[in-house]
1. Here's a check for you: in region 3-15, which residue that is of a type in the set (S, T, N, Q) and modelled with pLDDT of 90 or more is farthest from the chain's Cα centre (by Cα)?
2. Any idea which of Leu59, Leu65 is open to solvent by less than 60 Å² (accessible area, probe 1.4 Å), part of a helix (DSSP H, G or I) and of a type outside the set (Asp, Glu)?
3. Filter region 70-82 down to the residues that are over 14 Å from the mean Cα position of the chain (by Cα) and under 16 Å from Arg46 (Cα atoms) and list them by number.
Amino acid sequence: MQVNILTKEDLNQFKTELIQEFKQLLSNCDNSVSNKSRWLRSAEVRKLMSISPGTLQNLRINGVLPYRKVGGIMFYAIEDIQKMMEGGKS
């Protein structure tokens with residue numbers, strides 16, 4: 001049976017490497033989450049598109065802009081907004 005002795009310096013080096021790896025994983029996770037599943041509230045969508053509440057309601061009713069309702073709040077995926085705007089330009 002082999003016994004390895006760890007020094008304080010070994011533990012400090014391990015800690016530093018572990019923290020660096022966690023930071024890298026978290027930054028990769030934050031980028032992928034913010035780019036893929038960002039949701040906006042109605043007021044943010046109206047401001048972004050410069051439209052009135054009634055126009056946004058018409059987009060919802062006509063099925064042009066998909067949404068999710070959580071509680072009493074409407075949420076819109078940025079991807080859906082971009083698709084709708086690209087479709088409107090062509």
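The values are calculated or read from the model by the stated rules, or taken from the named source; none is laboratory data. Everything numeric in this text was worked out from a predicted model, so none of it was measured. As a convention, Cβ positions derive from the backbone with ideal geometry for all residues, glycine included, and neighbour counts pool all protein chains shown. With ligands, DNA and RNA removed, areas are computed over all heavy atoms of the protein, side chains included. Shrake-Rupley method; radii C 1.70, N 1.55, O 1.52, S 1.80 Å.
1. Thr7
2. Exactly one of Leu59, Leu65 is open to solvent by less than 60 Å² (accessible area, probe 1.4 Å), part of a helix (DSSP H, G or I) and of a type outside the set (Asp, Glu), namely Leu59.
3. Passing the criteria: Ile73, Met74, Ile81, Gln82.
Okay, residues lined up against (1) acidic (Asp, Glu); (2) in contact with a Gly (Cβ under 8 Å, 6 or more places away or on another chain); (3) modelled with pLDDT of 90 or more; (4) under 16 Å from Met85 (Cα atoms):
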{"site": "Phe22", "(1), (2), (3), (4)": "no, no, no, no"}
{"site": "Asp30", "(1), (2), (3), (4)": "yes, no, no, no"}
{"site": "Arg38", "(1), (2), (3), (4)": "no, no, no, no"}
{"site": "Arg46", "(1), (2), (3), (4)": "no, no, yes, yes"}
{"site": "Leu56", "(1), (2), (3), (4)": "no, no, yes, yes"}
{"site": "Gly63", "(1), (2), (3), (4)": "no, no, yes, yes"}
